[in-house]
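Below you'll find the structure, written out as structure tokens, and then a few comments.
The values are calculated or read from the model by the stated rules, or taken from the named source; none is laboratory data. Since the model is a prediction, treat every value here as computed from it, not as a measurement. Glycine gets a Cβ as well: all are built from the backbone with ideal geometry, and neighbour counts include every protein chain shown. Heavy atoms of the whole protein, side chains included, go into the accessibility calculation; ligands, DNA and RNA do not. Shrake-Rupley method; radii C 1.70, N 1.55, O 1.52, S 1.80 Å.
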Amino acid sequence: VFMFGDGKNQESTSESVNGWYAIYLYGLVMENSRLKDLGRLMTALEIRAAWRYWQMTDADSIFPKPFADHKAVGIQWSTKVDYGTWFGANVEFIHCIQMLPFTPISEELLREEWIKEEYNVLAEAYGRTDPPLSEEWKGYIIMAHAVIDPHTAYGDALQLPRYDDGNTKSNTLYWIATRPGMGGGPPGPTTTTTHGPTNHPTTTSSTTTKKPNPGGCCGDNSITDARCNDPGSDPFGGLGCRACDIMDCRFCGFDGFPDC
């Protein structure tokens with residue numbers, strides 16, 4: 001325990017949310033309703049606090065401009081607020097420490113309306129040369145992008161050569177593949193993101209030539225495929241399986257996925 005002149009502080013809201021979420025899950029599996037309800041209540045309070053004091057939008061920010069233009073708070077103190085972290089001031093550190101780890105409760109924490117505004121700030125990390133953006137932190141940026149553009153994010157994630165210690169390839173792809181609009185809507189263009197010398201990524205599109213499957217098990221770009229029941233012998237290694245949480249339902253028709 002240390003004393004600070006500015007009082008108590010909190011950096012990562014997402015880690016705090018996941019701490020209380022873990023207590024809820026523990027209470028759930030132990031059939032301890034008191035512990036489960038404590039976890040539920042504190043998870044909800046942490047999420048509401050994050051929305052109010054850490055996630056800034058044009059429509060809702062308790063902090064004035066120009067600070068509010070950052071769209072994210074790094075550290076909240078009793079008497080001040082910092083746009084920074086305990087381990088560095090890179091934009092990806094400040095924003096992504098309010099997101100990781102990506103788990104089921106992240107769907108509640110990371111509002112689409114916030115990501116739409118903060119991603120433009122976060123993406124500036126792509127254009128920074130000193131220090132360059134690491135592949136590990138790039139993975140978290142891509143996962144954030146998936147909230148608003150999962151198709152592009154999936155293509156970007158497939159290019160990642162490595163992941164942060166607190167993340168994995170399977171977790172990254174699962175998070176992106178289960179975003180709303182990834183499989184239930186009409187087929188759209190397949191996209192990849194390129195990052196040039198400017199601070200902002202550009203997206204190029206090409207129309208997919210694979211045919212959709214109207215009325216599939218999880219939207220038009222899905223099929224019922226018994227091979228999903230045995231990923232070990234599946235030639236696609238289970239890619240796209242368990243769409244809409246149905247074991248033998250598979251996403252299809254996207255780049256890298258089986259044809260529908």
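Per-structure values
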| quantity | calculated |
| --- | --- |
| Among residues of the range 87-99, those that are over 15 Å from residue 14 (Cβ atoms) and either touching a residue at least 40 places away in the same chain (Cβ under 8 Å) or outside any loop (DSSP other than H, G, I, E, B) (or both), counted | 2 |
| Helices (runs of 4 or more DSSP H) lying entirely in the range 100-190 (those with 2 or more residues that are more than 20 Å from residue 90 (Cα to Cα) and open to solvent by 50 Å² or more (accessible area, probe 1.4 Å)) | 106-109, 112-122, 169-177 |
| Unique match (being more than 22 Å from residue 106 (Cα to Cα) and either free of Cβ contacts under 8 Å to residues at least 60 places away in the same chain or in contact with a Leu (Cβ under 6 Å, 6 or more places away or on another chain) (or both)) among 29, 81 | 81 |
| All positions within the range 33-58 that are open to solvent by 70 Å² or more (accessible area, probe 1.4 Å) and either in contact with a Leu (Cβ under 6 Å, 6 or more places away or on another chain) or over 18 Å from residue 76 (Cα atoms) (or both) | 33, 34, 37, 38, 40, 41, 58 |
| Scope the range 61-85; condition part of a loop (DSSP other than H, G, I, E, B) and over 21 Å from the mean Cα position of the chain (by Cα); matching residues | 61, 62, 63, 64, 65, 66, 78, 79, 80 |
| Candidate set: the range 9-21, residues that are assigned to a helix (DSSP H, G or I) and open to solvent by 50 Å² or more (accessible area, probe 1.4 Å); chosen: the one nearest to residue 99 (Cα to Cα) | 15 |
| Cross-chain or 6+ apart pairs with Cβ under 7 Å, the range 126-139 first and closer than 19 Å to residue 99 by Cβ and hydrophobic (A, V, I, L, M, F, W, C), then in a helix (DSSP H, G or I) and open to solvent by less than 40 Å² (accessible area, probe 1.4 Å) | 133/92; 133/125; 133/126; 137/92; 137/96 |
| The range 217-260, subset in a loop (DSSP other than H, G, I, E, B), of a type in the set (Gly, Ala, Ser) and over 16 Å from residue 174 (Cα atoms), residue modelled with the lowest pLDDT | 232 |
| Single condition residue 6 does not satisfy, out of (1) over 20 Å from residue 118 (Cα atoms); (2) of a type outside the set (Val, Ile, Thr); (3) exposed (fewer than 15 other Cβ atoms within 10 Å of the Cβ); (4) at pLDDT 95 or above | (4) |
